[in-house]
Amino acid sequence: MRKLASELSTRFRVWRLKGGSTPEHEIKAFRDEVAQNSWSLDQTELALFYRGHCLDVVPDAYAPEIAQRICSALTAGQPLSVIRIGDGEANLLRCRHESPTNHLDRKIARKSILNQSDRFIADDDWLRKLGSWMENSIREADIVGVLGIWPHTDVAPSVEKLLSRFEKNRRGVAGNWYGRQEMCGLAKDGFLRDKIIGSAHLYLGAVVHMRKLLEASDRIICMTDKDVVVAKIANVAGDKEVLHVPVGRQTSDMRAPDDPSFLEQTEAMLPKDLTGTLVLIGAGLWAEFYAGTVKQRGGVGVDIGSGFDLLAGQSTRSIHQYIPNDIQNKIANWDTAE
(Lines give C-alpha, C1' and ligand atoms only; values in the text may rest on other atoms or scores of the structure.)
Protein backbone atom coordinates (compact mmCIF):
# COMPACT_ATOMS: atom_id res chain seq x y z
CA MET A 1 0.00 0.00 0.00
CA ARG A 2 2.83 2.39 0.88
CA LYS A 3 4.54 1.69 -2.45
CA LEU A 4 1.30 2.29 -4.38
CA ALA A 5 0.63 5.56 -2.55
CA SER A 6 4.17 6.75 -3.30
CA GLU A 7 3.83 5.87 -6.99
CA LEU A 8 0.45 7.60 -7.29
CA SER A 9 1.86 10.69 -5.59
CA THR A 10 4.80 10.76 -8.00
CA ARG A 11 2.55 10.33 -11.04
CA PHE A 12 0.26 13.16 -9.93
CA ARG A 13 3.13 15.57 -9.32
CA VAL A 14 4.69 14.75 -12.68
CA TRP A 15 1.32 15.05 -14.45
CA ARG A 16 0.82 18.48 -12.88
CA LEU A 17 4.21 19.63 -14.18
CA LYS A 18 3.72 18.20 -17.67
CA GLY A 19 0.74 20.37 -18.46
CA GLY A 20 -0.90 18.11 -21.06
CA SER A 21 0.26 16.36 -24.20
CA THR A 22 3.04 17.63 -26.44
CA PRO A 23 1.68 20.15 -28.98
CA GLU A 24 1.62 18.98 -32.59
CA HIS A 25 3.66 21.98 -33.73
CA GLU A 26 6.52 20.80 -31.50
CA ILE A 27 6.37 17.31 -32.99
CA LYS A 28 6.59 18.91 -36.43
CA ALA A 29 9.50 21.10 -35.26
CA PHE A 30 11.39 18.03 -34.08
CA ARG A 31 10.77 16.23 -37.37
CA ASP A 32 11.92 19.29 -39.33
CA GLU A 33 15.08 19.56 -37.22
CA VAL A 34 15.99 15.95 -38.01
CA ALA A 35 15.28 16.33 -41.72
CA GLN A 36 17.33 19.53 -42.00
CA ASN A 37 20.37 18.09 -40.19
CA SER A 38 20.29 14.49 -41.39
CA TRP A 39 24.06 14.59 -42.11
CA SER A 40 24.73 14.01 -38.41
CA LEU A 41 23.18 10.53 -38.68
CA ASP A 42 26.20 9.48 -40.74
CA GLN A 43 29.00 8.31 -38.44
CA THR A 44 31.78 9.31 -40.83
CA GLU A 45 30.36 12.79 -41.41
CA LEU A 46 29.90 13.35 -37.69
CA ALA A 47 33.45 12.26 -36.85
CA LEU A 48 34.78 14.58 -39.58
CA PHE A 49 32.74 17.44 -38.13
CA TYR A 50 34.26 16.95 -34.67
CA ARG A 51 37.76 16.70 -36.13
CA GLY A 52 37.16 20.01 -37.87
CA HIS A 53 36.31 21.70 -34.57
CA CYS A 54 38.09 19.68 -31.89
CA LEU A 55 41.04 18.05 -33.68
CA ASP A 56 41.57 15.12 -31.28
CA VAL A 57 38.85 12.55 -31.99
CA VAL A 58 38.96 8.86 -31.00
CA PRO A 59 35.84 7.17 -32.43
CA ASP A 60 36.75 3.58 -31.50
CA ALA A 61 35.37 2.74 -28.06
CA TYR A 62 38.08 0.09 -27.58
CA ALA A 63 41.01 2.31 -28.62
CA PRO A 64 43.80 2.33 -25.99
CA GLU A 65 44.38 6.11 -26.23
CA ILE A 66 41.69 6.98 -23.67
CA ALA A 67 42.98 4.49 -21.10
CA GLN A 68 46.54 5.72 -21.72
CA ARG A 69 45.46 9.32 -21.06
CA ILE A 70 43.76 8.26 -17.81
CA CYS A 71 46.84 6.32 -16.69
CA SER A 72 49.12 9.26 -17.50
CA ALA A 73 47.01 11.61 -15.37
CA LEU A 74 47.01 9.15 -12.47
CA THR A 75 50.77 8.60 -12.64
CA ALA A 76 51.43 12.35 -12.74
CA GLY A 77 48.89 13.13 -10.02
CA GLN A 78 46.96 15.37 -12.39
CA PRO A 79 43.18 15.93 -12.16
CA LEU A 80 41.06 14.61 -15.02
CA SER A 81 37.37 14.32 -15.87
CA VAL A 82 36.10 11.70 -18.31
CA ILE A 83 32.39 12.00 -19.06
CA ARG A 84 29.89 10.60 -21.55
CA ILE A 85 26.90 12.40 -23.03
CA GLY A 86 24.27 9.78 -23.83
CA ASP A 87 20.58 10.32 -24.50
CA GLY A 88 19.65 11.02 -20.86
CA GLU A 89 22.44 13.56 -20.36
CA ALA A 90 21.54 15.20 -23.67
CA ASN A 91 17.91 15.50 -22.59
CA LEU A 92 19.04 17.49 -19.56
CA LEU A 93 21.52 19.55 -21.60
CA ARG A 94 18.75 20.57 -24.01
CA CYS A 95 16.80 22.16 -21.15
CA ARG A 96 19.45 24.82 -20.47
CA HIS A 97 17.89 27.05 -23.12
CA GLU A 98 14.59 27.71 -24.84
CA SER A 99 13.88 25.78 -28.04
CA PRO A 100 11.05 25.22 -30.53
CA THR A 101 10.35 21.98 -28.64
CA ASN A 102 10.21 23.27 -25.06
CA HIS A 103 7.30 21.11 -23.91
CA LEU A 104 8.76 17.95 -25.47
CA ASP A 105 12.22 18.70 -24.05
CA ARG A 106 10.99 19.11 -20.49
CA LYS A 107 8.67 16.14 -20.66
CA ILE A 108 11.37 13.70 -21.74
CA ALA A 109 13.95 15.24 -19.39
CA ARG A 110 11.64 14.55 -16.44
CA LYS A 111 11.18 11.00 -17.68
CA SER A 112 14.95 10.58 -17.92
CA ILE A 113 15.32 11.73 -14.33
CA LEU A 114 12.57 9.43 -13.08
CA ASN A 115 14.29 6.50 -14.82
CA GLN A 116 17.28 6.94 -12.51
CA SER A 117 17.85 4.98 -9.32
CA ASP A 118 18.44 8.34 -7.62
CA ARG A 119 15.55 10.49 -8.80
CA PHE A 120 13.45 13.53 -7.98
CA ILE A 121 10.53 15.54 -9.35
CA ALA A 122 12.08 18.38 -11.37
CA ASP A 123 10.16 21.58 -12.05
CA ASP A 124 11.16 23.89 -14.92
CA ASP A 125 13.62 25.85 -12.77
CA TRP A 126 15.43 22.66 -11.81
CA LEU A 127 15.53 21.48 -15.41
CA ARG A 128 17.15 24.74 -16.53
CA LYS A 129 19.63 24.52 -13.68
CA LEU A 130 20.51 20.89 -14.42
CA GLY A 131 20.96 21.76 -18.10
CA SER A 132 23.41 24.51 -17.17
CA TRP A 133 25.24 22.16 -14.81
CA MET A 134 25.55 19.61 -17.59
CA GLU A 135 27.02 22.26 -19.87
CA ASN A 136 29.52 23.21 -17.16
CA SER A 137 30.46 19.54 -16.71
CA ILE A 138 31.23 19.36 -20.42
CA ARG A 139 33.20 22.62 -20.32
CA GLU A 140 35.33 21.36 -17.40
CA ALA A 141 35.88 17.82 -18.75
CA ASP A 142 39.06 16.65 -20.48
CA ILE A 143 37.61 13.67 -22.34
CA VAL A 144 34.02 13.73 -23.60
CA GLY A 145 32.22 10.73 -25.05
CA VAL A 146 29.60 11.61 -27.66
CA LEU A 147 26.93 9.73 -29.57
CA GLY A 148 27.08 8.74 -33.20
CA ILE A 149 30.80 8.56 -34.06
CA TRP A 150 31.49 4.87 -33.36
CA PRO A 151 30.30 2.60 -36.23
CA HIS A 152 29.74 -0.47 -34.07
CA THR A 153 26.96 -1.74 -36.36
CA ASP A 154 28.20 -0.20 -39.64
CA VAL A 155 24.63 0.96 -40.29
CA ALA A 156 23.62 4.62 -39.97
CA PRO A 157 19.90 5.09 -39.26
CA SER A 158 17.88 6.79 -41.98
CA VAL A 159 15.71 9.83 -41.27
CA GLU A 160 12.62 7.74 -41.93
CA LYS A 161 13.67 4.98 -39.54
CA LEU A 162 14.61 7.41 -36.80
CA LEU A 163 11.31 9.28 -37.03
CA SER A 164 9.42 5.98 -37.05
CA ARG A 165 11.15 4.97 -33.83
CA PHE A 166 10.40 8.42 -32.38
CA GLU A 167 6.69 7.61 -32.22
CA LYS A 168 7.42 4.56 -30.04
CA ASN A 169 10.21 5.96 -27.85
CA ARG A 170 10.27 9.74 -27.78
CA ARG A 171 12.60 9.98 -24.79
CA GLY A 172 15.29 7.72 -26.19
CA VAL A 173 15.14 8.86 -29.81
CA ALA A 174 14.95 12.56 -29.01
CA GLY A 175 17.79 12.16 -26.50
CA ASN A 176 19.96 10.43 -29.07
CA TRP A 177 19.24 13.21 -31.55
CA TYR A 178 19.89 15.95 -28.99
CA GLY A 179 23.13 14.20 -28.13
CA ARG A 180 24.23 14.87 -31.68
CA GLN A 181 22.80 18.35 -32.24
CA GLU A 182 23.54 19.92 -28.86
CA MET A 183 27.11 18.59 -28.84
CA CYS A 184 27.69 19.79 -32.39
CA GLY A 185 26.48 23.21 -31.27
CA LEU A 186 28.95 23.22 -28.38
CA ALA A 187 31.74 22.20 -30.76
CA LYS A 188 30.90 25.12 -33.07
CA ASP A 189 31.00 27.48 -30.08
CA GLY A 190 34.46 26.24 -29.08
CA PHE A 191 33.35 24.41 -25.92
CA LEU A 192 35.12 21.21 -26.98
CA ARG A 193 38.39 22.70 -28.14
CA ASP A 194 41.49 21.03 -26.63
CA LYS A 195 39.44 18.07 -25.39
CA ILE A 196 39.63 14.46 -26.51
CA ILE A 197 36.35 13.48 -28.14
CA GLY A 198 35.57 9.79 -27.83
CA SER A 199 32.59 7.53 -28.23
CA ALA A 200 29.78 7.65 -25.68
CA HIS A 201 30.64 3.95 -25.25
CA LEU A 202 34.28 4.62 -24.33
CA TYR A 203 33.62 2.85 -21.03
CA LEU A 204 34.08 -0.40 -22.97
CA GLY A 205 37.74 0.46 -23.48
CA ALA A 206 38.07 1.45 -19.83
CA VAL A 207 36.69 -1.93 -18.76
CA VAL A 208 39.03 -3.81 -21.11
CA HIS A 209 42.01 -1.91 -19.66
CA MET A 210 40.72 -1.90 -16.07
CA ARG A 211 43.80 -3.58 -14.61
CA LYS A 212 46.06 -0.90 -16.10
CA LEU A 213 43.87 1.84 -14.62
CA LEU A 214 43.99 0.22 -11.19
CA GLU A 215 47.77 -0.23 -11.38
CA ALA A 216 48.31 3.45 -12.25
CA SER A 217 46.28 4.73 -9.27
CA ASP A 218 47.27 5.29 -5.65
CA ARG A 219 43.73 4.74 -4.41
CA ILE A 220 40.43 3.64 -5.96
CA ILE A 221 36.91 4.81 -5.21
CA CYS A 222 33.86 3.13 -6.71
CA MET A 223 30.65 5.15 -6.97
CA THR A 224 28.18 2.38 -7.74
CA ASP A 225 25.42 0.13 -6.47
CA LYS A 226 27.41 -2.94 -7.54
CA ASP A 227 28.90 -4.16 -4.26
CA VAL A 228 30.23 -7.29 -5.94
CA VAL A 229 32.39 -5.23 -8.30
CA VAL A 230 33.85 -3.23 -5.42
CA ALA A 231 34.89 -6.53 -3.80
CA LYS A 232 36.48 -7.73 -7.06
CA ILE A 233 38.38 -4.47 -7.53
CA ALA A 234 39.63 -4.63 -3.94
CA ASN A 235 40.91 -8.15 -4.59
CA VAL A 236 42.73 -7.12 -7.78
CA ALA A 237 44.07 -3.88 -6.25
CA GLY A 238 45.93 -5.75 -3.52
CA ASP A 239 47.30 -3.39 -0.85
CA LYS A 240 45.79 -0.26 -2.40
CA GLU A 241 42.92 1.41 -0.57
CA VAL A 242 39.54 0.81 -2.19
CA LEU A 243 36.56 2.85 -0.99
CA HIS A 244 32.90 2.46 -1.86
CA VAL A 245 30.57 5.44 -2.24
CA PRO A 246 27.11 3.89 -2.72
CA VAL A 247 24.67 5.47 -5.17
CA GLY A 248 21.22 4.56 -6.44
CA ARG A 249 19.92 3.44 -3.07
CA GLN A 250 16.45 4.99 -3.29
CA THR A 251 13.83 2.27 -2.97
CA SER A 252 10.75 1.96 -5.17
CA ASP A 253 8.41 2.69 -2.27
CA MET A 254 10.13 5.97 -1.39
CA ARG A 255 8.36 9.21 -2.29
CA ALA A 256 10.43 10.99 -4.94
CA PRO A 257 11.77 14.24 -3.42
CA ASP A 258 11.36 17.68 -4.98
CA ASP A 259 15.08 18.45 -5.17
CA PRO A 260 18.29 16.51 -5.87
CA SER A 261 19.67 16.73 -2.34
CA PHE A 262 21.23 13.31 -2.90
CA LEU A 263 23.86 14.97 -5.11
CA GLU A 264 25.28 16.99 -2.24
CA GLN A 265 24.94 14.08 0.19
CA THR A 266 26.84 11.77 -2.15
CA GLU A 267 29.60 14.29 -2.86
CA ALA A 268 30.05 14.75 0.89
CA MET A 269 31.16 11.10 1.06
CA LEU A 270 34.12 11.79 -1.23
CA PRO A 271 37.46 12.71 0.41
CA LYS A 272 38.47 16.36 0.05
CA ASP A 273 41.87 15.47 -1.45
CA LEU A 274 41.63 13.01 -4.34
CA THR A 275 45.10 13.45 -5.83
CA GLY A 276 46.23 10.21 -7.47
CA THR A 277 42.81 8.66 -6.89
CA LEU A 278 40.88 6.84 -9.58
CA VAL A 279 37.15 7.36 -9.09
CA LEU A 280 35.06 4.97 -11.17
CA ILE A 281 31.53 6.28 -11.50
CA GLY A 282 28.35 4.44 -12.35
CA ALA A 283 25.62 6.87 -11.38
CA GLY A 284 23.47 7.44 -14.44
CA LEU A 285 22.77 11.08 -15.31
CA TRP A 286 24.57 12.31 -12.24
CA ALA A 287 27.95 10.76 -13.11
CA GLU A 288 29.01 13.85 -15.08
CA PHE A 289 28.46 16.09 -12.04
CA TYR A 290 30.39 13.74 -9.78
CA ALA A 291 33.27 13.54 -12.29
CA GLY A 292 33.55 17.34 -12.18
CA THR A 293 33.69 17.32 -8.39
CA VAL A 294 36.39 14.64 -8.47
CA LYS A 295 38.50 16.74 -10.83
CA GLN A 296 38.06 19.82 -8.64
CA ARG A 297 39.45 17.81 -5.72
CA GLY A 298 42.50 16.70 -7.72
CA GLY A 299 41.36 13.21 -8.72
CA VAL A 300 40.60 11.34 -11.91
CA GLY A 301 36.86 10.80 -12.38
CA VAL A 302 35.78 8.32 -15.05
CA ASP A 303 32.14 7.67 -15.93
CA ILE A 304 32.04 3.96 -16.80
CA GLY A 305 28.26 3.64 -16.48
CA SER A 306 27.10 0.14 -17.36
CA GLY A 307 30.74 -0.89 -17.42
CA PHE A 308 30.06 -1.79 -13.79
CA ASP A 309 27.46 -4.27 -15.05
CA LEU A 310 30.01 -5.85 -17.39
CA LEU A 311 32.55 -6.08 -14.56
CA ALA A 312 29.87 -7.89 -12.57
CA GLY A 313 29.34 -10.34 -15.42
CA GLN A 314 26.05 -8.82 -16.55
CA SER A 315 25.03 -7.75 -20.08
CA THR A 316 22.44 -5.00 -19.60
CA ARG A 317 22.59 -2.77 -22.69
CA SER A 318 21.77 -3.50 -26.33
CA ILE A 319 25.25 -2.30 -27.31
CA HIS A 320 26.74 -5.17 -25.29
CA GLN A 321 25.55 -7.67 -27.90
CA TYR A 322 28.02 -6.18 -30.39
CA ILE A 323 31.08 -6.78 -28.20
CA PRO A 324 33.42 -9.15 -30.12
CA ASN A 325 33.93 -12.60 -28.63
CA ASP A 326 37.61 -12.09 -27.81
CA ILE A 327 36.83 -8.90 -25.90
CA GLN A 328 33.90 -10.56 -24.15
CA ASN A 329 36.33 -13.19 -22.90
CA LYS A 330 38.75 -10.54 -21.65
CA ILE A 331 35.98 -8.76 -19.77
CA ALA A 332 34.59 -12.01 -18.35
CA ASN A 333 38.01 -12.86 -16.89
CA TRP A 334 39.20 -9.37 -16.04
CA ASP A 335 39.61 -10.05 -12.30
CA THR A 336 41.35 -13.41 -12.68
CA ALA A 337 43.59 -13.10 -15.75
CA GLU A 338 47.01 -11.58 -15.27
### Query
Give or take rounding to whole Å, what are the principal axis extents of the alpha carbon atoms in the range 11-137, in descending order?
52, 35, 22
### Query
Across 10 Å bins from 0, what is the distribution of all Cα-Cα pair distances for the range 84-176, in whole percents?
16, 44, 32, 8, 0
### Query
Can you list the equivalent-ellipsoid semi-axes of the chain, largest first and in whole Å, using the square root of 5 times each Cα gyration tensor eigenvalue?
31, 25, 19
### Task
Taking a cut-off of 15 Å between Cα atoms, list the aspartates and glutamates near residue 295, but don't count ones fewer than 8 places away on the same chain.
140, 142, 267, 273, 303
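Return the equivalent ellipsoid semi-axes of the range 138-193 as a descending list in whole Å, where each equals the square root of 5 times an eigenvalue of the C-alpha gyration tensor.
Working: eigenvalues 119, 35, 19 Å².
Equivalent ellipsoid of the range 138-193: 24, 13, 10 Å, largest first.
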### Message
7 Å from Cα along Cα→Cβ at both residue 261 and residue 117: what's the point-to-point distance in nm?
### Response
2.1
### Cα→Cβ-extended label distance, 7 Å offset, between residue 243 and residue 37, nm
4.0
### Task
Towards the positive end of the charge dipole of the range 93-228, with charges on Cβ (+1 Lys, Arg; -1 Asp, Glu), say which of 169, 100, 112 has the farthest Cα.
169
### Summary
If every Lys and Arg gets +1 and every Asp and Glu gets -1 at its Cβ, then about the Cα centre the chain yields a dipole, in debye to the nearest 20, of 840
### Task
Taking 7 Å along the Cα-to-C-beta vector as the label spot, tell me the residue 332-residue 312 distance in nanometres, rounded to one decimal.
2.0
### Query
Looking only at 164, 81, 137, which one moves most when the chain is put into a Gaussian network model with springs between Cα atoms under 10 Å?
164
### Query
Averaged per residue, what accessible area in Å² does the chain show with a 1.4 Å probe, protein chains only?
45
### Task
For the range 180-288, state what percent of all Cα-Cα pairs lands in each successive 5 Å bin, counting from 0 Å until the bin that includes the largest distance.
2, 9, 16, 19, 17, 15, 13, 7, 2, 0
### Task
Compute from the Cα atoms of the range 224-338 the Rg and the Dmax, the latter being the longest Cα-Cα distance, and quote both in angstrom.
15.5, 47
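Cα-Cα over 23 Å: which of 111/232; 168/188; 28/161; 168/226; 28/111? Could the numbers behind the result be given before it?
Details: 111/232 33 Å; 168/188 31 Å; 28/161 16 Å; 168/226 31 Å; 28/111 21 Å.
In this structure, 111/232; 168/188; 168/226 exceed 23 Å between Cα atoms.
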### Query
Hey, what's the Kirkwood Rh for the range 117-251 if you take every pair of different alpha carbons, in angstrom?
18.2
### Query
Along the Cα-to-Cβ line of residue 72, 7 Å from the Cα, sits a label point; which residues in the range 174-202 have backbone N less than 12 Å from it?
196
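At a 1.4 Å probe, what is the % contribution of carbon and sulfur to the accessible area of the chain?
Values: 7200 of 15050 Å².
On the chain, the fraction of accessible area on carbon and sulfur atoms equals 48 percent.
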### Task
Calculate one ³J(HN,Hα) per residue across the range 69-74 by plugging θ = phi - 60° into the Karplus curve 6.51 cos²θ - 1.76 cosθ + 1.60, and present them in order as whole Hz with x for glycine and proline.
5, 5, 4, 4, 5, 5
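The values are calculated or read from the model by the stated rules, or taken from the named source; none is laboratory data. Not measured: the values here are computed from a predicted model. Note: ideal-geometry Cβ built from the backbone for every residue, glycine included; neighbour counts use all protein chains shown. Accessible surface is based on the protein model in full, side chains and every heavy atom, while ligands, DNA and RNA are left aside. Shrake-Rupley method; radii C 1.70, N 1.55, O 1.52, S 1.80 Å.
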